[in-house]
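Trainee: Quick one: the structure is below, and I'll ask about it shortly.
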Amino acid sequence: MANHINTGTTVASNSGIRTKCRLFSPAGARGFTLVELMIAIFITALVSAGIYAIYNNFFRQTATQDMMLEAQQNARVAISLMERELMNAGYNAGTPDIITEATATSVEFIYFDPDSLSATYNQRLKVKYSLQTAGGVQYLVRKADNLTAASVGATEQVIPYVNNLTLTFYDINGGGLDPATTLATQAGRNTVRFVSVNLVTQTKAAPPGSAAPKTFTVETHIRLRNIGVGATASDTTAPGAPVGVEVRDPGVCARLKVKWAQNTEGDLAGYKIYYGTASGNYIGVINIPLTVMSGSTYSCSNVAGSVECTIFPSGPALVYTPSNAGAGTETIYYLAVKAFDNSLNHSDFSAEVGGNPVPSNPAFGAGANDSTLNPVKPVAVAGLTGANGALDGQVALSWTAYNTATNPDVTGFRIYRSASPFSSYPIDPTAPGIDWIAGEPGSGKPAVVAGATAYTDVGPGLLGCKTYYYAIAPVNCDATLITDEGADPVEKKYAQTDYGATCGDGVAACAAGTGFAAVTGSDTAPGKTTPPASPVLNVRAGWKRVALSLTQPADPDLSQTCVYSNLGNTYPALQTDTGMFPKVMDCYQIDTGTTPGAIRLFENNGIFTSAF
């Protein structure tokens with residue numbers, strides 16, 4: 001039998017006879033299987049996907065960086081341009097009205113262009129920066145009117161894709177100016193001396209992989225150094241030095257009062273008060289523009305041709321002289337005043353004032369100048385009363401809300417407690433029996449703030465049902481007012497009338513002559529709701545007598561034990577209705593109708609305060 005191999009190939013000859021041919025391959029060679037081909041394709045796909053992911057991530061990062069760089073460059077260019085022009089604001093402007101518009105998102109100002117490379121060199125310009133939206137894109141725009149050429153400039157788009165522009169304006173003391181009120185008037189805008197510019201730009205689109213555009217923020221703070229310089233180029237005449245300067249001590253911590261006659265110059269812009277602790281050496285200055293007569297460090301008003309100010313500077317603050325300061329140790333301030341005009345021409349100093357008269361002189365118009373701060377005693381606390389606290393052994397004190405408007409330098413209260421009446425004032429917290437329960441002895445720091453109207457005394461060691469005596473005193477900056485320096489005059493130390501005081505058991509008021517207010521219903525006896533444990537009583541029978549021994553329970557609130565006896569085998573019956581049968585020596589009366597033979601022991605009237 002012949003073997004037939006079918007190669008799958010048919011060859012036709014010329015004779016039309018169909019024959020089959022066998023194709024041979026080199027020995028040992030074979031093709032790829034289907035599985036091998038699929039694995040190769042899979043690996044190729046994985047590698048390609050990885051390469052694509054790396055490329056795509058690189059592309060996204062590059063695109064993001066390009067857009068962020070564009071936003072950053074836009075912001076920097078815009079802030080640099082605004083900063084340069086705002087620093088020129090007011091330069092040789094020829095008018096005191098430099099800033100003609102000031103809102104949270106726009107500013108308009110006038111200056112003389114000093115840039116020799118600029119197309120507007122030596123021209124007076126009115127420049128406005130604001131925001132404008134066009135084609136759905138928000139731009140920072142600039143408009144420059146040429147006042148010299150009397151031409152109106154076109155609005156130019158400075159940078160696109162502005163997310164936000166915030167302008168904040170400040171006066172010469174750094175106080176913020178409200179666009180809705182102060183900056184709404186030209187007089188208010190004339191007080192601007194500093195501007196903060198906060199500019200936020202954004203990418204033109206959301207970067208790949210981000211849900212929203214990225215933002216970039218730049219900020220600058222600009223001092224308008226040219227405001228007033230050259231406003232009226234020919235004005236080099238300074239105002240006259242203020243006259244009639246007086247200084248007084250109002251008796252309030254860290255404050256002085258200053259008064260002087262008003263200047264009459266038509267271009268007057270304001271005053272400056274200089275102060276220091278050595279004559280001619282001024283360590284602080286308070287600027288008072290005529291347009292802002294009250295600020296964070298001063299409060300001024302025009303009174304009958306004079307300016308009267310109360311000053312309370314913070315850098316440096318005024319230092320008071322304690323009531324127990326020795327002679328020659330007082331802090332004396334020296335003050336002088338200058339006037340200045342719209343061109344920032346400053347007058348000479350006024351005559352210097354200062355002094356330390358005895359007694360203090362708080363009123364203008366008479367007597368010597370007084371620039372030594374001597375705080376006076378605040379008024380006493382009113383309405384002090386007591387009640388049981390939330391827990392046993394506590395006293396809840398309360399008092400009338402203190403008027404800090406008329407006593408602005410009161411920082412809080414000190415509270416004292418004693419187990420017995422005391423009438424010695426000022427209170428010495430080191431005296432036996434006097435506890436300084438609120439405050440830090442010797443530090444002048446009250447533990448109860450000025451706005452408080454209550455304080456709970458939690459002890460330790462307060463005995464239930466025992467009446468305590470409380471006193472309260474307000475405290476200001478001068479803690480030495482509460483001490484008794486012996487030789488100090490009355491105005492420099494507390495007397496009995498400077499304290500609020502109270503005591504009582506909720507029924508009876510304080511005893512007469514103790515110096516404590518008879519506040520109806522005041523209860524300064526801590527509550528006691530848990531009765532003490534029973535005492536241990538031992539009985540030993542003897543010849544016609546009985547020997548007793550008593551051990552009191554360990555209870556710090558225990559004051560006494562009442563001991564009764566009865567002939568018979570029943571306990572003594574007691575009258576517990578104290579309304580009808582009041583206690584005798586704080587012991588219940590005996591119900592003689594029920595137990596006629598019962599008695600309270602004769603020794604000590606049947607009352608024992610200790611073991612026997």
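Trainee: With point charges of +1 on the Cβ of Lys and Arg and -1 on the Cβ of Asp and Glu, referenced to the Cα centre of the chain, which listed residue (I273, N122, T331) lies farthest in the positive direction of the dipole?
Mentor: Farthest along the dipole direction, towards plus: N122.
Trainee: Using a 7 Å offset from the Cα along the Cα-to-Cβ direction at both V285 and E36, what is the distance between the two label points in nm, to one decimal?
Mentor: Using points 7 Å along Cα→Cβ, the separation is 9.4 nm.
Trainee: Sticking with this structure for a sec: Helix 34-88 versus the longest principal axis of the chain: what is the Cα-based angle in degrees, 0 to 90, to the nearest 10?
Mentor: Helix 34-88 sits at roughly 70 degrees to that axis.
Trainee: Normalising by the residue count of the chain, find the relative contact order in percent from Cα pairs under 8 Å and 6+ residues apart.
Mentor: 8
Trainee: Also, quick follow-up: In region 527-571, which trypsin sites (Lys or Arg not before Pro) fall in coil by DSSP and have 10 or fewer other Cβ atoms within 10 Å?
Mentor: Filter output for region 527-571: K544.
Trainee: Using the Karplus curve 6.51 cos²θ - 1.76 cosθ + 1.60 with θ = phi - 60°, what ³J(HN,Hα) values do you get for each residue of region 450-459, in whole Hz, with x for Gly and Pro?
Mentor: 5, x, 6, 10, 7, 7, 9, 8, 9, x
Trainee: Here's something else I'd like to know. Just how much of K128 is accessible, in Å², when a 1.4 Å probe is used and the result is rounded to the nearest 10?
Mentor: 60
Trainee: Length gain on complete extension for the stretch A187 to M585, per 0.36 nm per residue less the alpha carbon to alpha carbon distance?
Mentor: This chain segment gains 135.1 nm when fully extended.
Trainee: Among residues other than G188 whose Cβ falls under 13 Å from its Cβ, what is the net charge (Lys/Arg +1, Asp/Glu -1)?
Mentor: My count for the surroundings of G188 gives -2.
Trainee: Sum -39500 (n - 2.57) across every DSSP H segment of at least 4 residues in the chain, then divide by the residue count to get the 222 nm mean residue ellipticity, nearest 500.
Mentor: It comes out at -3500 deg cm²/dmol, rounded to the nearest 500.
Trainee: If Lys and Arg each add +1 and Asp and Glu each add -1, what is the summed charge of the other residues whose beta carbon sits under 13 Å from the beta carbon of V141?
Mentor: With Lys, Arg at +1 and Asp, Glu at -1, the neighbours total +1.
Trainee: While we're on this one: For the chain, what % of the accessible area comes from carbon and sulfur atoms, probe 1.4 Å?
Mentor: Carbon-and-sulfur percentage of accessible area, whole number: 56.
Trainee: On to the next question. With every protein chain present, what is the per residue accessible area of the chain (1.4 Å probe, Å²)?
Mentor: 54
Trainee: If amide hydrogens are placed 1.01 Å from N in the peptide plane, which non-local residues have theirs closer than 5 Å to the one on T100?
Mentor: Here the answer is E108, F109, I110, since their amide H atoms fall under 5 Å of that of T100.
Trainee: Applying the Karplus parametrisation 6.51 cos²θ - 1.76 cosθ + 1.60 with θ = phi - 60° to the phi angles of region 163-170, what ³J(HN,Hα) value in whole Hz is obtained for each residue in order, glycine and proline being reported as x?
Mentor: 6, 6, 10, 10, 10, 10, 10, 9
Trainee: Under a plain spin-label model, where a point goes 7 Å from the Cα along Cα-to-Cβ, how far apart in nm are S210 and R223?
Mentor: Going by the 7 Å Cα→Cβ label model, 3.7 nm.
Trainee: Turning to a different aspect of this structure: Where in region 197-217 is the amide nitrogen less than 19 Å from a point lying 7 Å along the Cα-to-Cβ axis of N164?
Mentor: 197-206, 211-217
Trainee: Another one. Provide the net charge surrounding G175, with neighbours chosen by a C-beta distance below 15 Å and charges set as Lys +1, Arg +1, Asp -1, Glu -1.
Mentor: So the environment of G175 carries a net charge of +1.
Trainee: Quick one: Karplus J couplings for region 125-142, per residue in order, coefficients 6.51, -1.76, 1.60, θ = phi - 60°, nearest Hz, x for Gly and Pro?
Mentor: 10, 10, 10, 10, 10, 7, 10, 8, 9, 9, x, x, 10, 8, 10, 8, 10, 10
Trainee: On to the next question. Suppose the Debye formula is applied to equal point scatterers at every Cα of region 104-217; what is log10 I(q)/I(0) at q = 0.12, 0.16 Å⁻¹?
Mentor: Scattering profile of region 104-217, log10 relative to I(0): -0.58, -0.92.
Trainee: From the alpha carbon gyration tensor of region 198-316, can you work out the equivalent ellipsoid semi-axes (sqrt of 5 times each eigenvalue) and give them in Å, largest to smallest?
Mentor: For region 198-316, the semi-axes come out at 44, 22, 14 Å.
The values are calculated or read from the model by the stated rules, or taken from the named source; none is laboratory data. Everything quoted here is computed from the prediction, not taken from an experiment. Methodologically, a virtual Cβ is constructed for each residue, glycine included, from the backbone with ideal geometry; neighbour enumeration extends over all protein chains shown. Accessible surface is based on the protein model in full, side chains and every heavy atom, while ligands, DNA and RNA are left aside. Shrake-Rupley method; radii C 1.70, N 1.55, O 1.52, S 1.80 Å.
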